[in-house]
């Protein structure tokens, strides 16, 4: 009976979007009541703007960055990022808003516009934004030194790096690769540029070139979390699972609470059929992300299907669909959920031997 049920669910292959770490943006759908650290605007609505701020190296910033929400028709509201680089504005009515990071001594000012069109009586919606901090130059034209890795970097290399980041944010990934390569050519020891070049190469699917970039970055900075985690993700995508496991374990030695490292290590363990280890790592990813990374539940669904535990699989899929009701394959997921409901009902009705 269990074998037959499992075969009926074999087609449930999850097409989880593979993205590099720097582009992981948590998508909080149906956020109402689900998060504690929000900045209430009391602007007459029920909607949310949720964002993440990344540092120049592409990691969620640990610095407290001031975030200013402005609107032509409402007062300004000021908040700040938390220890994970996240911020949340709640209680927003329909209208046009700008989310601002104001100019400071280290980073350029940045602005994004968010237009909320949700009618007053409609269910709450969540709008997501992300920022990548760009180091600014001093009035003398020299790069501001953000950390020791930037010491001695020529201004032309910094300019190419910043342009690469700008192009990446606009979606011109090939252009970003060219600019970042130019930055590396100007200064081969520019660790941030070498790492970022690898990240952008991952995004266009040039996995071999990306691995070479990350290997070079690790030669320059052996304890670089950014290069280590992204190399592990790239190795996973190449199906080099033993290498991926080593890299992801190394990333966790550097940052033990990294949700993305636990997540990809869990996926790696699934790929080699170490399901107990995979479950442990995916649970660690859920805990480390404060249950804000919906894809964890999707992976757990697949894991429990492989274990023929359809009750748990159904619960995880329901959780995923509640968190991501606009998933691209939502119709397919609805079909799978019905199959899981049938399979779990049969499982519960079958007496244990």
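Throughout, read-outs are computed from the coordinates displayed, never taken from laboratory work. These figures come from a predicted structure and were not determined experimentally. For neighbour counting, all protein chains shown are included, and Cβ atoms are generated from backbone atoms with ideal geometry for every residue, glycine included.
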Determine, for 73, 128, the number of other Cβ atoms within 10 Å of each Cβ, and report the residues in order from fewest to most. 73, 128
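When 311, 114 are ordered from fewest to most other Cβ atoms inside 10 Å of their Cβ, what list results?
Values: 311 15, 114 19.
Least crowded to most crowded, the residues run 311, 114.
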Checking a compactness column here: for region 200-319, what do you get for Rg(Cα) / (2.2 N^0.38 Å), N being the number of residues? 1.09
Determine the shape class of region 276-337: with a ≥ b ≥ c the square roots of the Cα gyration tensor eigenvalues, call it rounded for a/c under 1.5, and otherwise prolate if a/b is greater than b/c, oblate otherwise. oblate
Please order 241, 161 by the number of other Cβ within 10 Å, starting at the fewest. 241, 161
By the Cα gyration tensor axes a ≥ b ≥ c (a/c under 1.5 gives rounded; else a/b larger than b/c gives prolate, otherwise oblate), the shape of region 155-250 is oblate
By the gyration tensor of its Cα atoms, with a ≥ b ≥ c the square roots of the eigenvalues, what is the shape of region 159-209: rounded for a/c under 1.5, prolate for a/b over b/c, or oblate? oblate
Percent of C-alpha pairs per 10 Å bin, region 249-306, short to long: 29, 56, 15, 0
